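Participant: Submitted below is the structure of interest, expressed as structure tokens.
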Amino acid sequence: MIKNESIENLLATVDIVDVVEKYVPLKRSGANFVGVCPFHDDSHPSMSVSSKLGIFHCFSCKAGGNAIKFIQDYEKISFPEAVEKLAGMYNFALQYTGAKVQERSEEKKVLGILNAYYQSCLYQNPAAVKYLHDRGLSDQSIRKFGLGYAGASAQTIRVLQNEEIPPQDALNAGAVKQNERGLYASFIERITFPIYNHASKLVGFGGRTISDNPAKYVNSPQCALFDKSKIFYAFDLAKKSAIAKKTLIITEGYMDVIMLHQAGIDNAVAVLGTALTPAHLPLIKRAELNVVLSFDGDAAGINAAIKSARLLCLNKIDSSVAIIGGGADPADMIAAGKVRELEQIYASGMESGEFLIRRIAKKYDLARPVQKEAALNEIKEFTAALGPVLAESYQSLVAQILNVSPGSFNLSSGGKNFGAGFEGRNFNEGGSFGSRDFGSHEGRGADG
Ligand SMILES: [Zn+2]
């Protein structure tokens, strides 16, 4: 926890006019400053900012508060995050109560050193650059996403030794691993994708093999800094556009994200595992985003879409599922110049609840009455957990799919009700989610 006294000192140090001006142009008006309000659709400056009082106030939508509140509302982040962001802007050292928040600065230093080193290696490796160009990536995208190349294990180890990095720090950062023969690099002969968390902090890497390693993609090992269950790849780059478009496109892979951004669809991110997890939801909810799930059309992709769609439905996040036919992924579509088609697919995705209901119905032979009833019961298990209003909104859809009269069943009760919650029930249609990792269809094996 940040000390209250420390927050008060921070607010006393900063000038709110200076803070707001980092986001919105302001003009002097008498003793105060005025600007266009970012919190409603403002055409003429309705927002007043007072240095003396340390507050902003909108005369139209009544938004208002101090500098922390402004950052919190503008960036759609939590109060402590806004305090830390403000402190960061002015190099203000916050004080914490109780257990001091772990800075993990040693680990961050290791990642920063390796990121710079990997980036410096990329263009010295023609095979890696050729791979990226062949996939359709521009040099501009390669720079924007900070792609690099990790060569032999010994090279990475030597860089860390030259920088006098203690081995334990390198291990804690997930940069190296250890076996009975000693330390070896986590990324060997791989294109590297630096992974930043929502606060734009470098927390790990993804790596794509360019040799014939059966594990096509690997991520940094799970560690204190890198918790892949709650990180979206490129969320920091996509957030602004996603908020403006009120929609977040969630894909399966680094390449999908980079190619989408390259094509101007810059509200796209990727999960770092197979599917969305409950730990991702706060980022989506806080920014008040709708979601388009863009997973591959293969069995594993469909399963990930089912699991993710269910999680979103149960948590009342408006979402749709956009499956690309013919085994193509978003990166392939863009490389083939089919940007308009892809935008069309995203705009016409199927609402997630309908998607789930149709997937359930598909498992049964609806020409047979007993199976039809079993399908209805399974659908009810899902809808009953949504609450009565949402459940009822699927009534006519289910009646139509099952070809029964809408008055003959009630979707808000029955089934084996498992209750709404973060997890929901495992909705697996046979494949194992755990066996598939981030676009690596062979699964994720040991690297090196
Ligand atoms: Zn306003």
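Participant: How many of the residues making up region 56-78 are part of a loop (DSSP other than H, G, I, E, B) and within 15 Å of the ligand (Cβ to nearest atom)? First the steps, then the outcome.
Facilitator: As a first pass, look at region 56-78 and keep what is part of a loop (DSSP other than H, G, I, E, B): 59-63, 66, 76-78.
Narrowing further to those that are within 15 Å of the ligand (Cβ to nearest atom): 59-63.
Here the count works out to 5.
Participant: Next question. Only one of (1) closer than 25 Å to residue 199 by Cβ; (2) outside any loop (DSSP other than H, G, I, E, B); (3) within 16 Å of the ligand (Cβ to nearest atom) is not met by residue 85, so which one is it?
Facilitator: The one condition residue 85 does not meet is (3).
Participant: Can you confirm whether residue 217 is of a type outside the set (Gly, Ala, Ser) and closer than 20 Å to residue 201 by Cβ?
Facilitator: no
Participant: Sticking with this one: Do we find that residue 119 is closer than 25 Å to residue 172 by Cα, of a type in the set (S, T, N, Q), surrounded by fewer than 19 Cβ atoms within 10 Å (Cβ to Cβ) and at pLDDT below 95 in this structure? Write out each step before concluding.
Facilitator: Details: closer than 25 Å to residue 172 by Cα: yes; of a type in the set (S, T, N, Q): yes; surrounded by fewer than 19 Cβ atoms within 10 Å (Cβ to Cβ): yes; at pLDDT below 95: no.
Considered against the rule, which asks whether it is closer than 25 Å to residue 172 by Cα, of a type in the set (S, T, N, Q), surrounded by fewer than 19 Cβ atoms within 10 Å (Cβ to Cβ) and at pLDDT below 95, residue 119 comes out as no.
Participant: Go through (1) β-branched (Val, Ile, Thr); (2) surrounded by 15 or more Cβ atoms within 10 Å (Cβ to Cβ); (3) modelled with pLDDT under 95 one by one and return the number of the condition residue 321 breaks.
Facilitator: Evaluating residue 321 over (1) β-branched (Val, Ile, Thr); (2) surrounded by 15 or more Cβ atoms within 10 Å (Cβ to Cβ); (3) modelled with pLDDT under 95 leaves (3) as the failure.
Participant: I'd like to know if region 66-85 contains one or more residues that are within 30 Å of residue 336 (Cα to Cα) and either out of contact with any Asp or Glu (no Cβ under 7 Å at 6 or more places or on another chain) or exposed (fewer than 14 other Cβ atoms within 10 Å of the Cβ) (or both).
Facilitator: Our first condition is that a residue be within 30 Å of residue 336 (Cα to Cα); within region 66-85, this holds for none.
No, that holds for no residue.
Participant: Related question: If you take the residues in region 2-55 that are assigned to a strand (DSSP E or B), within 12 Å of the ligand (Cβ to nearest atom) and not β-branched (Val, Ile, Thr), which one is farthest from the chain's Cα centre (by Cα)?
Facilitator: Once the filter is applied, the top-ranked residue is 48.
The values are calculated or read from the model by the stated rules, or taken from the named source; none is laboratory data. Because the structure is a prediction, the values reported are computed rather than measured. Virtual Cβ from ideal backbone geometry, glycine too; neighbours counted across all protein chains shown.
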